[in-house]
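The values are calculated or read from the model by the stated rules, or taken from the named source; none is laboratory data. Not measured: the values here are computed from a predicted model. Because the Cβ atoms are built from the backbone with ideal geometry, glycine has one as well, and the counts that use them run over all protein chains shown. To get the accessible areas, we keep the full protein, side chains included, count just its heavy atoms, and leave off ligands, DNA and RNA. Shrake-Rupley method; radii C 1.70, N 1.55, O 1.52, S 1.80 Å.
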Amino acid sequence: MTPILEIVHGVHRIPVQVVFDGFRTLRISVRPEGLVSVRAPQGTPLALITARTQAKSTWIFRHLERFREVRRLALPREHVSGETHKYLGRNYRLRVRQGDRNDVRLAGRFLEVTTANPPHSEKVRELLDLWYLHRARVVFGRILDELSSRYGAHGIGAPERVTVRAMSSRWGSCSRAGTITLNRHLVRAPMLCVEYVIAHELCHLRHHGHTTEFYELLSTLMPDWQERRARLALEPHQIE
(Lines give C-alpha, C1' and ligand atoms only; values in the text may rest on other atoms or scores of the structure.)
Protein backbone atom coordinates (compact mmCIF):
# COMPACT_ATOMS: atom_id res chain seq x y z
CA MET A 1 0.00 0.00 0.00
CA THR A 2 1.24 3.50 -0.87
CA PRO A 3 2.00 5.37 2.38
CA ILE A 4 0.09 8.60 3.06
CA LEU A 5 1.50 11.14 5.47
CA GLU A 6 0.13 14.50 6.55
CA ILE A 7 1.74 17.90 6.90
CA VAL A 8 0.34 21.06 8.47
CA HIS A 9 0.24 24.61 7.13
CA GLY A 10 -1.56 26.98 9.48
CA VAL A 11 -5.05 25.54 9.97
CA HIS A 12 -4.74 23.35 6.87
CA ARG A 13 -3.82 19.67 6.96
CA ILE A 14 -2.38 18.44 3.66
CA PRO A 15 -2.23 14.72 2.76
CA VAL A 16 0.91 13.64 0.93
CA GLN A 17 1.34 10.45 -1.08
CA VAL A 18 4.73 8.74 -0.73
CA VAL A 19 6.31 6.63 -3.47
CA PHE A 20 9.64 4.83 -3.06
CA ASP A 21 11.97 4.34 -6.02
CA GLY A 22 15.62 3.82 -6.91
CA PHE A 23 16.64 7.47 -7.15
CA ARG A 24 19.04 8.92 -4.60
CA THR A 25 17.19 12.16 -3.94
CA LEU A 26 13.81 13.08 -2.47
CA ARG A 27 11.48 14.91 -4.89
CA ILE A 28 8.28 16.75 -3.96
CA SER A 29 5.63 17.52 -6.58
CA VAL A 30 2.24 19.23 -6.61
CA ARG A 31 -0.11 18.16 -9.40
CA PRO A 32 -2.69 20.48 -11.04
CA GLU A 33 -5.52 18.29 -9.72
CA GLY A 34 -4.34 18.99 -6.15
CA LEU A 35 -2.34 15.84 -5.41
CA VAL A 36 0.85 16.25 -3.40
CA SER A 37 3.38 13.44 -3.72
CA VAL A 38 6.91 12.65 -2.61
CA ARG A 39 9.22 10.24 -4.41
CA ALA A 40 11.89 9.04 -2.00
CA PRO A 41 14.79 6.58 -2.14
CA GLN A 42 14.00 3.06 -0.98
CA GLY A 43 14.39 2.68 2.78
CA THR A 44 14.02 6.39 3.65
CA PRO A 45 12.33 6.65 7.08
CA LEU A 46 8.84 8.17 6.98
CA ALA A 47 9.83 10.50 9.83
CA LEU A 48 12.57 12.00 7.65
CA ILE A 49 10.23 12.30 4.64
CA THR A 50 7.65 14.04 6.84
CA ALA A 51 10.23 16.49 8.21
CA ARG A 52 11.56 17.34 4.74
CA THR A 53 8.04 17.77 3.34
CA GLN A 54 6.86 19.83 6.32
CA ALA A 55 9.79 22.18 5.73
CA LYS A 56 8.37 22.87 2.26
CA SER A 57 4.79 23.38 3.48
CA THR A 58 4.61 27.04 2.45
CA TRP A 59 5.80 26.23 -1.07
CA ILE A 60 3.35 23.32 -1.31
CA PHE A 61 0.39 25.33 -0.04
CA ARG A 62 1.14 28.22 -2.42
CA HIS A 63 1.08 25.84 -5.40
CA LEU A 64 -2.11 24.15 -4.19
CA GLU A 65 -3.80 27.55 -3.97
CA ARG A 66 -2.63 28.54 -7.43
CA PHE A 67 -3.89 25.31 -8.97
CA ARG A 68 -7.19 25.70 -7.10
CA GLU A 69 -7.59 29.17 -8.65
CA VAL A 70 -6.76 27.77 -12.09
CA ARG A 71 -9.43 25.08 -11.74
CA ARG A 72 -11.95 27.67 -10.59
CA LEU A 73 -11.23 29.93 -13.55
CA ALA A 74 -11.49 26.99 -15.93
CA LEU A 75 -15.13 26.37 -15.00
CA PRO A 76 -17.72 27.24 -17.67
CA ARG A 77 -18.64 30.92 -17.64
CA GLU A 78 -22.14 32.35 -17.31
CA HIS A 79 -20.97 35.86 -18.32
CA VAL A 80 -22.89 37.69 -15.64
CA SER A 81 -21.91 40.49 -13.29
CA GLY A 82 -19.65 39.38 -10.45
CA GLU A 83 -17.60 36.81 -12.35
CA THR A 84 -13.83 37.11 -12.36
CA HIS A 85 -12.02 37.33 -15.70
CA LYS A 86 -8.29 37.68 -16.31
CA TYR A 87 -6.39 40.10 -18.49
CA LEU A 88 -2.57 40.15 -18.55
CA GLY A 89 -2.44 38.19 -15.31
CA ARG A 90 -4.77 40.44 -13.27
CA ASN A 91 -8.25 39.52 -12.09
CA TYR A 92 -11.07 41.85 -13.11
CA ARG A 93 -14.64 41.69 -11.85
CA LEU A 94 -17.18 41.54 -14.66
CA ARG A 95 -19.77 44.31 -14.61
CA VAL A 96 -22.63 44.05 -17.14
CA ARG A 97 -25.04 46.90 -17.83
CA GLN A 98 -27.30 48.27 -20.57
CA GLY A 99 -26.38 51.50 -22.35
CA ASP A 100 -26.52 53.40 -25.61
CA ARG A 101 -24.16 51.08 -27.53
CA ASN A 102 -22.21 47.84 -27.31
CA ASP A 103 -18.86 48.39 -25.59
CA VAL A 104 -16.21 46.65 -23.48
CA ARG A 105 -13.64 48.51 -21.41
CA LEU A 106 -11.48 48.26 -18.33
CA ALA A 107 -12.69 50.52 -15.52
CA GLY A 108 -10.36 50.23 -12.53
CA ARG A 109 -10.55 46.63 -11.35
CA PHE A 110 -13.73 46.01 -13.38
CA LEU A 111 -14.16 44.62 -16.87
CA GLU A 112 -17.23 46.53 -17.92
CA VAL A 113 -19.51 45.26 -20.70
CA THR A 114 -22.25 47.53 -22.02
CA THR A 115 -24.96 46.23 -24.34
CA ALA A 116 -27.32 48.32 -26.47
CA ASN A 117 -30.13 45.85 -25.74
CA PRO A 118 -31.07 44.16 -22.46
CA PRO A 119 -27.94 42.07 -21.67
CA HIS A 120 -27.96 38.31 -21.95
CA SER A 121 -25.18 35.76 -21.54
CA GLU A 122 -24.52 35.00 -25.20
CA LYS A 123 -24.27 38.67 -26.18
CA VAL A 124 -21.89 39.37 -23.31
CA ARG A 125 -19.78 36.38 -24.34
CA GLU A 126 -19.68 37.60 -27.94
CA LEU A 127 -18.60 41.11 -26.94
CA LEU A 128 -15.93 39.78 -24.56
CA ASP A 129 -14.57 37.41 -27.21
CA LEU A 130 -14.19 40.28 -29.66
CA TRP A 131 -12.56 42.47 -27.02
CA TYR A 132 -10.07 39.77 -25.97
CA LEU A 133 -9.21 39.05 -29.62
CA HIS A 134 -8.61 42.73 -30.30
CA ARG A 135 -6.47 43.14 -27.19
CA ALA A 136 -4.51 39.99 -28.05
CA ARG A 137 -3.68 41.32 -31.51
CA VAL A 138 -2.61 44.70 -30.11
CA VAL A 139 -0.51 43.29 -27.24
CA PHE A 140 1.07 40.48 -29.25
CA GLY A 141 1.84 42.81 -32.14
CA ARG A 142 3.59 45.28 -29.88
CA ILE A 143 5.69 42.60 -28.19
CA LEU A 144 6.56 40.96 -31.52
CA ASP A 145 7.80 44.29 -32.85
CA GLU A 146 9.84 45.00 -29.71
CA LEU A 147 11.44 41.55 -29.50
CA SER A 148 12.04 41.20 -33.24
CA SER A 149 13.97 44.47 -33.33
CA ARG A 150 15.93 43.53 -30.21
CA TYR A 151 16.75 40.03 -31.43
CA GLY A 152 17.79 41.11 -34.93
CA ALA A 153 21.44 41.16 -33.89
CA HIS A 154 21.13 37.42 -33.19
CA GLY A 155 19.97 36.57 -36.67
CA ILE A 156 16.25 36.51 -35.91
CA GLY A 157 14.08 38.38 -38.38
CA ALA A 158 10.37 39.15 -38.37
CA PRO A 159 7.98 36.23 -38.96
CA GLU A 160 6.51 35.82 -42.43
CA ARG A 161 3.02 35.88 -40.97
CA VAL A 162 1.34 36.07 -37.56
CA THR A 163 -2.06 34.63 -36.73
CA VAL A 164 -4.02 34.81 -33.49
CA ARG A 165 -6.66 32.18 -32.79
CA ALA A 166 -8.05 29.93 -30.06
CA MET A 167 -5.89 26.86 -29.39
CA SER A 168 -6.95 24.13 -26.99
CA SER A 169 -3.58 22.70 -26.00
CA ARG A 170 -0.77 25.05 -27.09
CA TRP A 171 0.16 28.63 -26.35
CA GLY A 172 1.94 29.13 -29.65
CA SER A 173 3.58 27.50 -32.66
CA CYS A 174 5.94 28.35 -35.50
CA SER A 175 5.79 26.67 -38.89
CA ARG A 176 8.79 25.94 -41.10
CA ALA A 177 7.45 28.58 -43.47
CA GLY A 178 7.91 31.19 -40.74
CA THR A 179 4.28 31.61 -39.66
CA ILE A 180 3.84 32.20 -35.93
CA THR A 181 0.46 31.30 -34.44
CA LEU A 182 -0.43 32.55 -30.96
CA ASN A 183 -3.24 31.41 -28.71
CA ARG A 184 -5.69 34.26 -28.20
CA HIS A 185 -6.20 33.17 -24.56
CA LEU A 186 -2.53 33.95 -23.87
CA VAL A 187 -3.54 37.60 -23.40
CA ARG A 188 -5.07 36.55 -20.09
CA ALA A 189 -1.67 35.44 -18.76
CA PRO A 190 0.89 37.76 -17.11
CA MET A 191 2.96 39.90 -19.47
CA LEU A 192 6.16 38.05 -18.57
CA CYS A 193 4.51 34.83 -19.80
CA VAL A 194 3.34 36.45 -23.03
CA GLU A 195 6.88 37.66 -23.68
CA TYR A 196 8.26 34.18 -23.01
CA VAL A 197 5.92 32.47 -25.51
CA ILE A 198 6.67 35.02 -28.23
CA ALA A 199 10.42 34.83 -27.59
CA HIS A 200 10.17 31.02 -27.76
CA GLU A 201 8.42 31.14 -31.15
CA LEU A 202 10.81 33.77 -32.51
CA CYS A 203 13.74 31.49 -31.66
CA HIS A 204 12.10 28.82 -33.80
CA LEU A 205 12.64 31.07 -36.80
CA ARG A 206 16.33 30.11 -36.49
CA HIS A 207 16.06 26.64 -34.95
CA HIS A 208 12.83 24.86 -35.75
CA GLY A 209 13.22 21.96 -33.32
CA HIS A 210 13.91 21.97 -29.59
CA THR A 211 17.61 21.38 -30.08
CA THR A 212 20.54 22.32 -27.87
CA GLU A 213 21.16 25.27 -30.17
CA PHE A 214 17.55 26.40 -29.75
CA TYR A 215 17.75 26.44 -25.94
CA GLU A 216 21.15 28.12 -26.01
CA LEU A 217 19.69 30.90 -28.15
CA LEU A 218 16.60 31.24 -25.94
CA SER A 219 18.77 31.37 -22.81
CA THR A 220 20.91 34.10 -24.35
CA LEU A 221 17.90 36.19 -25.30
CA MET A 222 15.82 35.52 -22.19
CA PRO A 223 17.95 34.17 -19.30
CA ASP A 224 14.92 33.71 -17.00
CA TRP A 225 12.79 31.80 -19.53
CA GLN A 226 12.52 28.74 -17.26
CA GLU A 227 10.96 30.79 -14.45
CA ARG A 228 8.56 32.35 -16.92
CA ARG A 229 7.64 28.92 -18.31
CA ALA A 230 6.99 27.62 -14.79
CA ARG A 231 4.66 30.56 -14.13
CA LEU A 232 2.85 29.94 -17.41
CA ALA A 233 2.29 26.29 -16.41
CA LEU A 234 -0.10 27.56 -13.73
CA GLU A 235 -2.34 29.19 -16.34
CA PRO A 236 -5.26 27.24 -17.84
CA HIS A 237 -4.85 26.63 -21.58
CA GLN A 238 -8.56 27.04 -22.27
CA ILE A 239 -10.58 29.52 -20.23
CA GLU A 240 -13.96 29.32 -21.94
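On the given criteria, is residue 215 crowded, with 18+ Cβ neighbours inside 10 Å, out of contact with any strand residue (DSSP E or B) (no Cβ under 6 Å at 6 or more places or on another chain) and part of a helix (DSSP H, G or I)? When the stated conditions are applied, residue 215 does not pass them.
Once segment 111-135 is narrowed to residues that are exposed (fewer than 14 other Cβ atoms within 10 Å of the Cβ) and hydrophobic (A, V, I, L, M, F, W, C), the residue that is farthest from residue 166 (Cα to Cα) is 116. Criterion applied to 95, 101 was being farther than 30 Å from residue 14 by Cα, basic (Lys, Arg), assigned to a loop (DSSP other than H, G, I, E, B) and open to solvent by 30 Å² or more (accessible area, probe 1.4 Å), and the one residue passing it is 101. In this entry, residue 127 passes the filter for residues that are under 18 Å from residue 86 (Cβ atoms) and over 19 Å from the mean Cα position of the chain (by Cα). Any chance segment 18-29 includes a residue that's at pLDDT below 90, among the hydrophobic types (A, V, I, L, M, F, W, C) and in contact with a strand residue (DSSP E or B) (Cβ under 8 Å, 6 or more places away or on another chain)? Yes. Residues being surrounded by fewer than 20 Cβ atoms within 10 Å (Cβ to Cβ), modelled with pLDDT of 95 or more and assigned to a helix (DSSP H, G or I) are represented in segment 195-206 by at least one member.
Among the residues of segment 149-174, the ones that are hydroxyl-bearing (Ser, Thr, Tyr) and open to solvent by less than 50 Å² (accessible area, probe 1.4 Å) come to 3 in all.
Scanning segment 182-192 finds no residues that are in contact (Cβ under 8 Å) with a residue 60 or more places away in the chain, surrounded by fewer than 20 Cβ atoms within 10 Å (Cβ to Cβ) and over 26 Å from residue 66 (Cβ atoms).
Cβ-Cβ contacts under 6 Å between residues 6 or more apart (or on different chains), taken from a first residue in segment 25-38 that is over 22 Å from residue 235 (Cβ atoms) and in a loop (DSSP other than H, G, I, E, B) to a second residue that is among the aromatic types (Phe, Trp, Tyr) and open to solvent by less than 30 Å² (accessible area, probe 1.4 Å), are absent.
If the condition is being surrounded by 12 or more Cβ atoms within 10 Å (Cβ to Cβ), outside any helix (DSSP H, G or I) and not hydrophobic (A, V, I, L, M, F, W, C), then segment 39-52 contributes 39, 41, 44. Of all the listed residues (80, 139), the sole one being open to solvent by 40 Å² or more (accessible area, probe 1.4 Å) and under 27 Å from the mean Cα position of the chain (by Cα) is 80. Return yes when residue 146 is exposed (fewer than 13 other Cβ atoms within 10 Å of the Cβ), in a helix (DSSP H, G or I) and either over 18 Å from the mean Cα position of the chain (by Cα) or not hydroxyl-bearing (Ser, Thr, Tyr) (or both) and no when it is not. Taking the combined requirement at face value, the residue satisfies it.
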